[in-house]
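Step one of this worksheet: look at the structure below.
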């Protein structure tokens, strides 16, 4: 297990609420939109998000999550994992909204994938994102990955500036499929560092 810098820790099951909130922020509302569709009578979209965060397996899991704390409170999160050297074919039953994201992810095999990087608004501008991306570099090296990758909306100019400043470069784009999800972006952008 990698030793994390001060004010950072591995997530626990108790972080599910903060993880769901931060995942939804990073996903610009897309996760909540999808969780609403998955909710059964008597449960909320947030119940779905928390339950998925508490899974032991899968991409969106507390086991793939690093938390940044400020003054004892969750301030930001990083969720990521190594991508396989040879991607699996895209499942024909994958929801259409995910297909462009999966296509981009498949263009960065063998990298360490930054699935989620998000900071609560009140903690932005304090270096949380940059610090978590440094941890991602450490995790990438420890897992013998050939670089790092991430996907961002073309409308998220603040995040793109951060990534470019830290050496990530645009590799490819795919049009967003939105259904009734509202987002200002038109394309998903794959950014890669170190490959």
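A few comments on the model shown:
- Pairs with Cβ under 6 Å, 6+ apart, first in the stretch 117-128 and farther than 16 Å from residue 24 by Cα, second surrounded by 14 or more Cβ atoms within 10 Å (Cβ to Cβ): 123/70; 123/75; 128/68; 128/75; 128/76; 128/119
- Checking residue 67 against (1) outside any strand (DSSP E or B); (2) more than 27 Å from residue 172 (Cβ to Cβ), the condition it does not meet: (1)
- Within the stretch 148-159, the set of residues being over 26 Å from residue 84 (Cβ atoms) and surrounded by 14 or more Cβ atoms within 10 Å (Cβ to Cβ) comprises 154, 155, 156.
- Of the residues making up the stretch 123-142, those that are in a helix (DSSP H, G or I) and touching a strand residue (DSSP E or B) at 6+ places or on another chain (Cβ under 8 Å) are 123, 128, 129, 131, 132, 133, 135, 136, 137, 139, 140.
- Residue 107 being within 27 Å of residue 180 (Cβ to Cβ), in contact with a strand residue (DSSP E or B) (Cβ under 9 Å, 6 or more places away or on another chain) and touching a residue at least 60 places away in the same chain (Cβ under 8 Å): no
- Identity of the residue in the stretch 169-185, farther than 16 Å from residue 105 by Cβ and modelled with pLDDT under 95, that ends up surrounded by the fewest Cβ atoms within 10 Å (Cβ to Cβ): 180
- No other residue among 171, 160, 145 is in contact with a strand residue (DSSP E or B) (Cβ under 7 Å, 6 or more places away or on another chain) and assigned to a strand (DSSP E or B) apart from 171.
- Residue list for the stretch 70-98, filter: surrounded by 15 or more Cβ atoms within 10 Å (Cβ to Cβ), in contact (Cβ under 8 Å) with a residue 24 or more places away in the chain and not in a loop (DSSP other than H, G, I, E, B): 70, 74, 75, 76, 77, 78, 79, 80, 81, 82, 97
- Top-ranked residue of the stretch 99-122 - restricted to ones that are in contact with a helix residue (DSSP H, G or I) (Cβ under 8 Å, 6 or more places away or on another chain) and in a loop (DSSP other than H, G, I, E, B), ranked as surrounded by the most Cβ atoms within 10 Å (Cβ to Cβ): 111
The values are calculated or read from the model by the stated rules, or taken from the named source; none is laboratory data. Note that the structure is a prediction, hence the values are computed from the model and not measured. Neighbour counts run over all protein chains shown; Cβ positions are idealised from the backbone, glycine included.
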